[in-house]
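Student: Pasting in a structure now, in structure tokens, and then I'll have a few things to ask.
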Amino acid sequence: MAQLWGGRFTGTTSELTKELNDSLPFDQRLWRQDIRGSIVHARMLGRQGILTGEEADHIEEGLRGIYEDLESGKLAIEAGSAEDIHSFVEMVLTQRIGEDGKRLHTGRSRNDQVALDLRLFVRGACCEIRSDLLALEETILHIMEQNVHTTMPGFTHLQKAQPVTLAHHFGAYFEMFRRDVSRMSDTKERLNECPLGAGALAGTTYPLDRGYTAAELGFRCPTRNSMDSVSDRDYAIEFLNDLSLIQMHLSRLSEEIILWNSNEYRFVEIDDAYSTGSSIMPQKKNPDVAELIRGKTGRVFGDLNSLLVTMKGIPLAYDKDMQEDKEPVFDALDTVSLCLKLMNGMLKTIRFNDSVMEASAKHGYTNATDAADYLVKKGVPFRDAHGIIGRMVLYGIEHHKPLDEFTMDEFRSFGPEFDEDVYDAIAIRTCVDRRLTKGAPGQQAMEEEIREAKQWLIHECDADAPHS
Ligand code: ARG
């Protein structure tokens, strides 16, 4: 097995130490980033005269061959063949091109190398998640456009509160995921600095051109302090924080879908493709996908917490604890990306029971506030109006009647201010459409919100150019 540090040792590493120490089983996922970084490093060494042009070319050629062979499957990363992905690539390179392979690591440490690899990986992952988010936003926007007139109860305390529309309800999720998209951009922006050239911790005596490697690898600039460069994992924690927020949003949406899909609500029906059955109860169609998205949230929050705790006691600069940074990042990325795609598919195929939602708004006294406002307009002080409508709701519950189905006599028995125009004033649709403040569910306000959302989405999708 390839070790990069045998010279100082006389004894051998114990098997258990190897088991603990080796990161190849998981950091092999960074092979593309690792080779890419090495190619640029070698090129820079050649340009600076630290290696000869031939040596640098030879190394680059060798690295390209390894890249192609790993891509095609011709070369496999065998378990136990090296300590980590960095050793593996250097080992194969030296086997293939001989002496020159051993010159690649000039002016570099695995500490700045791994810091670069993970930054490159997280940068790509931000783009991946961003695309998943934008695809989901497109589906949500479509639901919004289709449902400007689908009234439903809006809830607080999970009690029916005031009538809204399905478009408005989904508009709230659109906003949550919009913030998530912008968080991806923020995180990517802050990690857009290249640590290569920081060395083990204190830079190097070789005349490296850090500006060149940074630019070649698509970074805005090199990082500054070399100790910080090798010991910073803030960007990975930020990314995990962003993913945790996304997953929290997905979990809340899942919770609503589970409730809405329940026999009691029947607001939606989840497509067969996103449900499963019971081995014993033939009638069951369970919302497992939504439940699992909700369930995976614990795992993603755990990944964030895991890296936060790992980092909290690490003295400067690099310590091996930091090898523990990768698995949480991979795990959370895979989980959130899968959940975003599943939520998208589930929402694309879900059926909304408009009539059930509308009836629920009508039979839940969601127009009670509007009925009180009606009395206020007729001159009754709001506090009295609140009391009157409260008594009417009590009466309605006893007689199984929504407010807008009271007879005129019934209305009048609660107050002489009631007139025929009350029916129109408290019709559910009227209650929704009168809510026209910016961000409210009324048709005009909602259409404005949709227009703006659409513009934003088009702009973001245009900016979603293929990443480097
Ligand atoms: N596998 C290591 C990691 O992931 C690479 C860096 C090793 N550096 C060292 N000083 N041992 O962190």
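The values are calculated or read from the model by the stated rules, or taken from the named source; none is laboratory data. Just so you know, these numbers come straight off a predicted model, no measurement behind them. Using ideal geometry, Cβ is built from the backbone for each residue, glycine included, and neighbour counts are taken over all protein chains shown. What goes into the accessible areas is simple: the full protein's heavy atoms, side chains included, and nothing from ligands, DNA or RNA. Shrake-Rupley method; radii C 1.70, N 1.55, O 1.52, S 1.80 Å.
Student: So, in the stretch 121-166, of the ones that are closer than 18 Å to LEU259 by Cα and among the small types (Gly, Ala, Ser), which residue ends up surrounded by the most Cβ atoms within 10 Å (Cβ to Cβ)?
Tutor: GLY154
Student: Separate question: For the stretch 40-57, how many residues are in a helix (DSSP H, G or I) and away from the ligand (no atom under 16 Å from the Cβ)?
Tutor: Summing the residues that are in a helix (DSSP H, G or I) and away from the ligand (no atom under 16 Å from the Cβ) in the stretch 40-57 gives 12.
Student: Which of the following residues is under 12 Å from the mean Cα position of the chain (by Cα) and either of a type in the set (A, V, I, L, M, F, W, C) or closer than 24 Å to GLN146 by Cβ (or both): ALA332, ALA359?
Tutor: Result: ALA332 is the single residue among ALA332, ALA359 that is under 12 Å from the mean Cα position of the chain (by Cα) and either of a type in the set (A, V, I, L, M, F, W, C) or closer than 24 Å to GLN146 by Cβ (or both).
Student: Let me ask you something else. Right, GLY37: small (Gly, Ala, Ser), on the phi > 0 side of the Ramachandran plot and either within 14 Å of the ligand (Cβ to nearest atom) or surrounded by fewer than 21 Cβ atoms within 10 Å (Cβ to Cβ) (or both) or not?
Tutor: Taking the combined requirement at face value, the residue does not satisfy it.
Student: For the stretch 315-336: of the residues being closer than 17 Å to PRO25 by Cβ and open to solvent by 70 Å² or more (accessible area, probe 1.4 Å), which is nearest to the ligand (Cβ to nearest atom)?
Tutor: Selected residue: LYS320.
Student: In addition: Which ones in the stretch 219-244 are open to solvent by 10 Å² or more (accessible area, probe 1.4 Å), of a type in the set (A, V, I, L, M, F, W, C) and either closer than 21 Å to GLN323 by Cα or modelled with pLDDT under 95 (or both)?
Tutor: Residues satisfying the conditions are MET227, ILE237.
Student: Residues MET343, MET357: which one is touching a Phe, Trp or Tyr at 6+ places or on another chain (Cβ under 7 Å), buried (at least 23 other Cβ atoms within 10 Å of the Cβ) and modelled with pLDDT of 95 or more?
Tutor: MET357 is the lone residue from the list that is touching a Phe, Trp or Tyr at 6+ places or on another chain (Cβ under 7 Å), buried (at least 23 other Cβ atoms within 10 Å of the Cβ) and modelled with pLDDT of 95 or more.
Student: Moving to a separate point now. Counting only residues that are open to solvent by less than 100 Å² (accessible area, probe 1.4 Å) and either more than 23 Å from GLN113 (Cβ to Cβ) or part of a loop (DSSP other than H, G, I, E, B) (or both), how many does the stretch 7-28 have?
Tutor: Total meeting the criteria: 5.
Student: Across the stretch 80-111, what is the number of residues that are of a type outside the set (Gly, Ala, Ser) and away from the ligand (no atom under 16 Å from the Cβ)?
Tutor: Residues flagged as of a type outside the set (Gly, Ala, Ser) and away from the ligand (no atom under 16 Å from the Cβ) within the stretch 80-111 amount to 11.
Student: Can you find even one residue in the stretch 81-93 that is within 36 Å of the chain's Cα centre (by Cα), surrounded by fewer than 18 Cβ atoms within 10 Å (Cβ to Cβ) and more than 22 Å from ALA125 (Cα to Cα)?
Tutor: yes
Student: Would you pick out the residues in the stretch 167-220 that are of a type in the set (Asp, Glu) and outside any helix (DSSP H, G or I)?
Tutor: Within the stretch 167-220, GLU193, ASP209 meet the criteria.
Student: Could you check TRP456 against (1) assigned to a loop (DSSP other than H, G, I, E, B); (2) open to solvent by less than 90 Å² (accessible area, probe 1.4 Å) and say which number it fails?
Tutor: Condition not satisfied by TRP456: (1).
Student: Identify the residue in the stretch 94-118 that is in a loop (DSSP other than H, G, I, E, B) and not hydrophobic (A, V, I, L, M, F, W, C) and, among all such residues, is surrounded by the most Cβ atoms within 10 Å (Cβ to Cβ).
Tutor: Going through the qualifying residues, I end up with ARG108.
Student: Please work out if SER279 is at pLDDT 95 or above and either away from the ligand (no atom under 16 Å from the Cβ) or in contact with a strand residue (DSSP E or B) (Cβ under 9 Å, 6 or more places away or on another chain) (or both).
Tutor: Details: at pLDDT 95 or above: no; either away from the ligand (no atom under 16 Å from the Cβ) or in contact with a strand residue (DSSP E or B) (Cβ under 9 Å, 6 or more places away or on another chain) (or both): yes.
Judged against the criteria, SER279 is not a match.
Student: Taking the stretch 245-282 only, how many residues are of a type in the set (Gly, Ala, Ser) and surrounded by fewer than 14 Cβ atoms within 10 Å (Cβ to Cβ)?
Tutor: 5
Student: Any residue that is assigned to a helix (DSSP H, G or I), out of contact with any Pro (no Cβ under 6 Å at 6 or more places or on another chain) and without any contact (Cβ under 8 Å) to a residue 12 or more places away in the chain - is there at least one of those in the stretch 147-166?
Tutor: Going through the stretch 147-166, the residues assigned to a helix (DSSP H, G or I) turn out to be 166.
Restricting the remaining residues to those that are out of contact with any Pro (no Cβ under 6 Å at 6 or more places or on another chain) gives 166.
So of that shortlist, the ones also without any contact (Cβ under 8 Å) to a residue 12 or more places away in the chain come out as none.
For the stretch 147-166, residues assigned to a helix (DSSP H, G or I), out of contact with any Pro (no Cβ under 6 Å at 6 or more places or on another chain) and without any contact (Cβ under 8 Å) to a residue 12 or more places away in the chain: absent.
Student: Which pairs do you get when a residue that is assigned to a loop (DSSP other than H, G, I, E, B), found in the stretch 68-86, comes within reach of a residue that is away from the ligand (no atom under 16 Å from the Cβ), reach meaning Cβ atoms under 6 angstrom, with the pair 6+ apart or on two chains?
Tutor: LEU75/ASP69
Student: Between GLY101, GLY65, GLY80, which is modelled with pLDDT under 95 and of a type in the set (Gly, Ala, Ser)? Working first, answer last.
Tutor: Working: GLY101 fails: modelled with pLDDT under 95; GLY65 fails: modelled with pLDDT under 95.
Exactly one residue qualifies, and that residue is GLY80.
Student: Right, something else. Within the stretch 287-308, is even one residue within 16 Å of the ligand (Cβ to nearest atom), in contact (Cβ under 8 Å) with a residue 40 or more places away in the chain, part of a helix (DSSP H, G or I) and more than 14 Å from the chain's Cα centre (by Cα)?
Tutor: Step one: filter the stretch 287-308 for residues within 16 Å of the ligand (Cβ to nearest atom), giving 306-307.
This time we only want the ones that are in contact (Cβ under 8 Å) with a residue 40 or more places away in the chain, so: 307.
When the remaining residues are screened for being part of a helix (DSSP H, G or I), the result is 307.
After this cut, where a residue has to be more than 14 Å from the chain's Cα centre (by Cα) as well, the list is 307.
Yes: one or more hits.
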